[in-house]
1. Pairs under 7 Å by beta carbon, first residue without any contact (Cβ under 8 Å) to a residue 40 or more places away in the chain in region 17-46, partner aromatic (Phe, Trp, Tyr) and open to solvent by less than 30 Å² (accessible area, probe 1.4 Å), six or more apart or different chains?
2. Identify, by number, the condition in (1) farther than 30 Å from Asp299 by Cα; (2) modelled with pLDDT under 95; (3) polar (S, T, N, Q) that Thr163 doesn't meet.
3. Looking at the structure I just gave you, is Thr62 more than 21 Å from Arg143 (Cα to Cα), hydroxyl-bearing (Ser, Thr, Tyr), in contact (Cβ under 8 Å) with a residue 40 or more places away in the chain and open to solvent by less than 40 Å² (accessible area, probe 1.4 Å)?
4. Scan (1) modelled with pLDDT under 95; (2) loosely packed, with under 15 Cβ neighbours inside 10 Å; (3) in contact with a helix residue (DSSP H, G or I) (Cβ under 8 Å, 6 or more places away or on another chain) for the single condition Val88 breaks and write down its number.
5. What are the residues in region 117-141 that are β-branched (Val, Ile, Thr), open to solvent by less than 70 Å² (accessible area, probe 1.4 Å) and closer than 17 Å to Lys170 by Cα, if any?
6. For region 177-194, state whether one or more residues are among the basic types (Lys, Arg) and out of contact with any helix residue (DSSP H, G or I) (no Cβ under 8 Å at 6 or more places or on another chain).
7. Do the conditions hold for Thr44, that is, is it surrounded by 14 or more Cβ atoms within 10 Å (Cβ to Cβ), among the polar types (S, T, N, Q) and at pLDDT 95 or above?
8. Restricting to region 18-37, name every residue that is under 14 Å from Asp209 (Cα atoms) and either among the hydrophobic types (A, V, I, L, M, F, W, C) or open to solvent by 10 Å² or more (accessible area, probe 1.4 Å) (or both).
Amino acid sequence: MSYAFEAEGLVKRYGRTTALAGIDLQARRGTVLGVLGPNGAGKTTAIQILATLLVPDAGRATVAGLDVVRDAARVRRKIGLTGQYATVDEDLTGAENLVLLGRLLDLTRTAARGRATELLAQLGLTEAGGLRVSAYSGGMRRRLDLAAGLIGRPEIVFLDEPTTGLDPGKREDLWATIRSLADDGATVLLTTQYLEEADALADEITVIDKGRVIAHDTPAGLKQLVGGRTIVVRPTDPDQLAAATRVVERVTGRPVDHQHRGALTTPVDAAQHFTDVVGALESAEIDVAELALRLPSLDEVFFSLTGMPGRTDVTGMTDVTDTTGTRESA
């Protein structure tokens, strides 16, 4: 299989600290690979090696078929990179930043201006394009930074926590942009602290911890690792909760695991139980407002694999920032 990028056995040390301890990463062309891990797991270090910003101490990596060490200059012509922090020039306007980058990538002045206008519109920055970046909000800078990484229409895009600092609405807008990149044939490596983001965008997910890959699969495949499914039943009439509980326990042969706010949940071993529960509730004439068969969430997967729970921030999104609020530097 031909991969857009591939890393084998990457090792990177900083003195006595091992940031990467032999990880493998790969993504098929035109897909989104999500990389999850606790702070300090090595996510940013891996991206920096793939983007030719760091040289590995061992192992090898290729991007677009080019070795990231021997062919670093050629690799840089194929990629776009958006890091954890905005890197645009605050003394220039948003449009001027993008035109400058376009010119550095050998676009003609006309082509650079056209591409800048296109990206500003795509990322909702048209009105701000004529303002100096020093006047931008944090979310606006994040979007401009993404635009800067896309100015050269890269084949492969490395996004290191690209939605940090965005409100939920702007985050969803950026998700649409990321999806469109893959739809147009680009390959995306996405690191994120939002588990919901990885679930929504990634075709496959690699989980790393302490510099090692500890799991790799599709989002659905990772959820299967935790094991089990859960049936959720919410009767339309709350007074029928007890009757619904008896039906579910009789069909599944297991006690209801949890009752809360008019709904019950219970783990099941087989998907067939769900079909049986549907029929039994109908026979018992119990109307339901909610009836679902759910896989474990990525939050549960992450906790199971790393022993580190996710944290829900004030926006209701879930991330894996540690309790000190520090960010990954390795």
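The values are calculated or read from the model by the stated rules, or taken from the named source; none is laboratory data. The model shown is predicted, which means the values in this text are computed figures rather than measured ones. Here the Cβ is made from the backbone with ideal geometry for all residues, glycine too, and neighbour counts use every protein chain on show. Surface accessibility is based on the protein's heavy atoms, side chains included, excluding ligands, DNA and RNA. Shrake-Rupley method; radii C 1.70, N 1.55, O 1.52, S 1.80 Å.
1. Gln26/Phe5
2. The one condition Thr163 does not meet is (1).
3. Working: more than 21 Å from Arg143 (Cα to Cα): yes; hydroxyl-bearing (Ser, Thr, Tyr): yes; in contact (Cβ under 8 Å) with a residue 40 or more places away in the chain: yes; open to solvent by less than 40 Å² (accessible area, probe 1.4 Å): yes.
It is true that Thr62 is more than 21 Å from Arg143 (Cα to Cα), hydroxyl-bearing (Ser, Thr, Tyr), in contact (Cβ under 8 Å) with a residue 40 or more places away in the chain and open to solvent by less than 40 Å² (accessible area, probe 1.4 Å).
4. The number of the failed condition is (2).
5. Of all residues in region 117-141, those β-branched (Val, Ile, Thr) come to 117, 126, 133.
Going one step further and asking which of them are open to solvent by less than 70 Å² (accessible area, probe 1.4 Å), we end up with 133.
None - no residue of region 117-141 is β-branched (Val, Ile, Thr), open to solvent by less than 70 Å² (accessible area, probe 1.4 Å) and closer than 17 Å to Lys170 by Cα, so the list stays empty.
6. We begin by selecting, within region 177-194, every residue among the basic types (Lys, Arg); these are 179.
Next cut, out of contact with any helix residue (DSSP H, G or I) (no Cβ under 8 Å at 6 or more places or on another chain) only: none.
Scanning region 177-194 turns up no residue that is among the basic types (Lys, Arg) and out of contact with any helix residue (DSSP H, G or I) (no Cβ under 8 Å at 6 or more places or on another chain).
7. On the way: surrounded by 14 or more Cβ atoms within 10 Å (Cβ to Cβ): yes; among the polar types (S, T, N, Q): yes; at pLDDT 95 or above: no.
Against the criterion (surrounded by 14 or more Cβ atoms within 10 Å (Cβ to Cβ), among the polar types (S, T, N, Q) and at pLDDT 95 or above), Thr44 does not qualify.
8. Thr18, Ala19, Leu20, Ala21, Gly22, Ile23, Asp24, Leu25, Val35, Leu36, listed by residue number.
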